[in-house]
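**Student:** Just passing along the structure, written as structure tokens.
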Amino acid sequence: MSKQLVSRLSGLYLGDKQDNHDGVSTTINQKRPAKQLIVTHERIQGNGEADPKHHGGFDRVIHHFPREHYGQYRRWDLISGVRDAPTMGENISTVGVNEAQVNIGDIVRFGDVVLQVTQPRSPCFKLNLQFNQPQFALAMQETALCGWFYKVIEAGTIDKSDSMELIERRSDISLAEAMRIYFLPQFDANQYQRLLDSDGLAQSWVNSLQNRLDMGSIEPWDMRLYGPQGKPKLDSVLVKTITNYQLPAHDH
């Protein structure tokens with residue numbers, strides 16, 4: 001199987017400097033444009049994360065975020081002005097492929113680099129701080145406009161002129177469906193097991209899902225979504241909008 005998903009990348013970004021945002025250490029604002037990414041099995045040279053427990057490691061070496069999502073967040077007034085890539089902290093930006101067309105476990109090629117899709121981005125309150133919107137992480141969780149992570153199968157160099165090619169599909173669960181299952185409001189052992197059976201799923205998600213099955217319950221999400229500030233009063237109109245949102249499918 002070989003299928004071109006994107007003919008040319010929109011942007012490549014890296015950076016490892018940390019700054020402090022409302023008392024929270026982050027590198028999200030330190031990504032800068034790059035002509036190429038030099039990728040090893042452990043990292044991108046010149047790239048780093050302030051919180052390697054949740055951003056980084058073998059299952060999350062590269063962060064890919066569809067550039068068109070910025071436009072949708074602007075339409076919901078969750079991003080102001082002209083903020084664009086790489087303000088999500090992404091390493092790869094593209095136009096033309098999203099979480100409905102990419103599956104857990106997909107093997108993809110950029111230039112001479114071969115990667116495996118491991119998980120969607122699990123949004124946290126740092127995005128609320130980044131965009132000064134207390135419901136941003138919740139919106140990302142509900143809509144699956146989240147981007148995704150890769151582990152490295154074959155190291156090498158990614159150039160901005162490279163295409164994105166799907167080499168092999170190893171599961172029938174898209175990233176959008178993985179988000180829906182993982183963040184179901186009610187405990188669902190059968191759906192969790194479906195996701196667990198997906199080849200290539202990130203170990204952190206495997207551990208979390210297995211823990212839910214062992215405990216028979218879902219872990220609290222408020223700290224991840226809202227941080228130490230706690231859950232704000234939610235905008236009912238926005239909540240309804242993001243709850244009803246359907247991710248569009250691109251044609252290839």
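The values are calculated or read from the model by the stated rules, or taken from the named source; none is laboratory data. Not measured: the values here are computed from a predicted model. Cβ placement follows ideal geometry from the backbone for every residue including glycine, while neighbour counts extend to all protein chains displayed. For the accessible areas, the whole protein counts, side chains as well, though only heavy atoms, and no ligand, DNA or RNA atoms are used. Shrake-Rupley method; radii C 1.70, N 1.55, O 1.52, S 1.80 Å.
**Student:** Net charge near Leu234, counting Lys/Arg +1 and Asp/Glu -1 over other residues with Cβ under 13 Å of its Cβ?
**Tutor:** So the environment of Leu234 carries a net charge of 0.
**Student:** Using a 1.4 Å probe, how large is the accessible area of Arg212, given in Å² and rounded to the nearest 10?
**Tutor:** Solvent-accessible area, nearest 10 Å²: 0 Å².
**Student:** I would also like to ask the following. Which aspartates and glutamates, if any, have their Cα less than 14 Å from the Cα of Lys231, not counting same-chain residues under 8 positions apart?
**Tutor:** Those aspartates and glutamates meeting the cut-off are Asp222.
**Student:** Counting only other residues whose beta carbon sits under 15 Å from that of Ser161, what net charge do I get with K and R as +1, D and E as -1? Each step should come with its number before you reach the end.
**Tutor:** Values: positive: Arg8, Lys35, Arg109, Lys160; negative: Asp112, Asp159, Asp162, Glu165.
Once positives and negatives cancel, what remains is 0.
**Student:** Just check region 33-162 against the gyration tensor rule for me: Cα atoms, a ≥ b ≥ c as the square roots of the eigenvalues, rounded for a/c under 1.5, and otherwise prolate or oblate depending on whether a/b exceeds b/c. Let's see the in-between values first.
**Tutor:** On the way: a/c = 1.70, a/b = 1.61, b/c = 1.05.
The shape class here is prolate.
**Student:** Might you work out the accessible area of Thr241 for me, using a 1.4 Å probe with all protein chains in place, and round it to the nearest 10 Å²?
**Tutor:** Around 60 Å² of this residue is reachable by solvent.
**Student:** Heavy atoms of the protein only, probe of 1.4 Å, neighbouring chains included. What is the accessible area of Asp159 in Å², nearest 10?
**Tutor:** Using a 1.4 Å probe on the heavy atoms, I get roughly 50 Å².
**Student:** Greater than 28 Å separation of Cα atoms is the criterion. Which listed pairs, Lys35/Lys151; Lys151/Lys240; Lys126/Lys151; Lys31/Lys151; Lys3/Lys35; Lys151/Lys233, meet it? Write down the numbers at each step before the final one.
**Tutor:** Details: Lys35/Lys151 21 Å; Lys151/Lys240 35 Å; Lys126/Lys151 23 Å; Lys31/Lys151 20 Å; Lys3/Lys35 24 Å; Lys151/Lys233 37 Å.
The pairs that break the limit, which is 28 Å between Cα atoms, are Lys151/Lys240; Lys151/Lys233.
**Student:** Once the convex hull of the alpha carbons of region 126-240 is built, what does its volume come to per residue, in cubic angstrom? Write out the running numbers ahead of the final one.
**Tutor:** Values: hull volume 18.7 nm³, N = 115.
Hull volume over Cα atoms, normalised by residue count, gives 163 Å³.
**Student:** Just to confirm a number: summing +1 for Lys and Arg and -1 for Asp and Glu over residues other than Trp148 whose beta-carbon lies under 13 angstrom from that of Trp148, what do you get? Don't skip to the answer; put the middle values down first.
**Tutor:** On the way: positive: Arg60, Arg121, Lys151; negative: Asp59, Glu90, Glu99, Asp106, Glu177.
Summing Lys and Arg as +1 and Asp and Glu as -1 gives -2.
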